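Below is one structure. I have some questions about it.
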Amino acid sequence: MNIHESAEDYLEAILILKERQGLVRSIDIAREKNFTKASVSIAMKRLRENGYIEMDAEGYITLLPQGMEIARRIYTRHRLLSQFLEHLGVSPENAVADACKIEHDISVESFEKIVAFARERGLIDEMN
């Protein structure tokens, strides 16, 4: 699955907003990410064209299966890496910021080894 980091961030934001408030529109993403409405609009168009999301007539966004898979993968990585870094003594703010950077670039192998290590020691919660 070859997708740009920015697209992963948008898909993750859609998932987070969906969990938080139920329905998601472009304006919600713009507010959440502190992006302009125009840049979000362009990104949503690209995500639609690539089959990651769909938008209804009222502008509500739904993750399609391919988009949901990516969003869940990135969000799970984010949460687990944040927890792990906090257990290492990193401040919560830095743990979240660093997890955002790591979640996109870490290999599957390295991520799985970190998760296995942390779970063996009870450092992270069980998640998908």
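The values are calculated or read from the model by the stated rules, or taken from the named source; none is laboratory data. Just so it is clear, the structure is predicted and the values come from calculations on it, not from any experiment. Here Cβ is always computed from backbone atoms with ideal geometry, including for glycine, and neighbour counts include all displayed protein chains. Surface areas here come from the heavy atoms of the whole protein model, side chains and all, with no ligands, DNA or RNA. Shrake-Rupley method; radii C 1.70, N 1.55, O 1.52, S 1.80 Å.
For the chain, with a Gaussian network of springs between Cα atoms less than 10 Å apart, report the residue from THR76, THR62, THR36 with the top mean-square fluctuation.
Result for the chain, Cα springs under 10 Å: THR36 fluctuates most.
Residues of the chain: accessible area per residue at 1.4 Å, in Å²?
Values: 7760 Å² over 128 residues.
Value for the chain: 61 Å² per residue.
Can you give me the distance in nm between label points at ASP98 and PHE117, each placed 7 Å from the Cα along the Cα-to-Cβ direction?
1.2
What angle do you read, to the nearest 10 degrees and between 0 and 90, between the alpha-carbon axis of helix 92-105 and the longest principal axis of the chain?
Rounded to the nearest ten degrees, it is 70.
Give me the three principal axis extents of the range 15-73 from the C-alpha atoms, as integers in angstrom, largest value leading.
26, 25, 23
With label points built 7 Å along Cα→Cβ from the Cα atoms of ARG72 and MET55, find their separation and express it in nm.
Going from the ARG72 label point to the MET55 one covers 2.6 nm.
Using only alpha carbons, build the gyration tensor for the range 57-128 and give me the equivalent ellipsoid semi-axes, biggest first, whole Å. Walk me through the numbers on the way to the answer.
On the way: eigenvalues 133, 41, 24 Å².
Ellipsoid half-lengths, sorted descending, are 26, 14, 11 Å.
Here's something else I'd like to know. Place the peptides 41-49, 85-93, 11-19 in order of packing, highest mean first, counting for every residue the other Cβ atoms within 10 Å and averaging per peptide. Working shown, then result.
Working: 41-49: 15.9, 85-93: 12.6, 11-19: 19.7.
Descending packing order for the listed peptides: 11-19, 41-49, 85-93.
Can you pull the percent of the chain's accessible area that's carbon plus sulfur, 1.4 Å probe, other chains left in place? Please list the in-between numbers first.
On the way: 3840 of 7760 Å².
Of all accessible area on the chain, carbon and sulfur atoms account for 50 percent.
Still on this structure, I have one more. Find the relative contact order for the chain and round it to a whole percent, using C-alpha pairs within less than 8 Å whose residues are 6+ positions apart. Kindly include the intermediate steps, with their values, before the conclusion.
Details: 121 pairs, mean separation 27.3, N = 128.
It rounds to 21 percent for the chain.
Just how many pairs of Lys in the chain have C-alpha atoms closer than 26 Å, counting pairs that are eight or more places apart or on different chains?
10
Given the C-alpha centroids of the range 67-102 and the range 1-47, what is the distance between them in whole angstrom?
Here the answer is 18 Å between Cα centres.
Hey, another quick one. What is the set of long-range amide H partners of ILE53 at a cut-off below 5 Å, with H atoms built 1.01 Å from backbone N?
The list, which skips near neighbours in sequence, is ARG48, LEU64.
Taking the mean number of other Cβ atoms within 10 Å as a proxy for protection, how do you rank 65-75, 97-107 from highest to lowest? Provide the component values of the computation, followed by the final result.
Values: 65-75: 18.0, 97-107: 15.2.
The densest-packed peptide leads the list: 65-75, 97-107.
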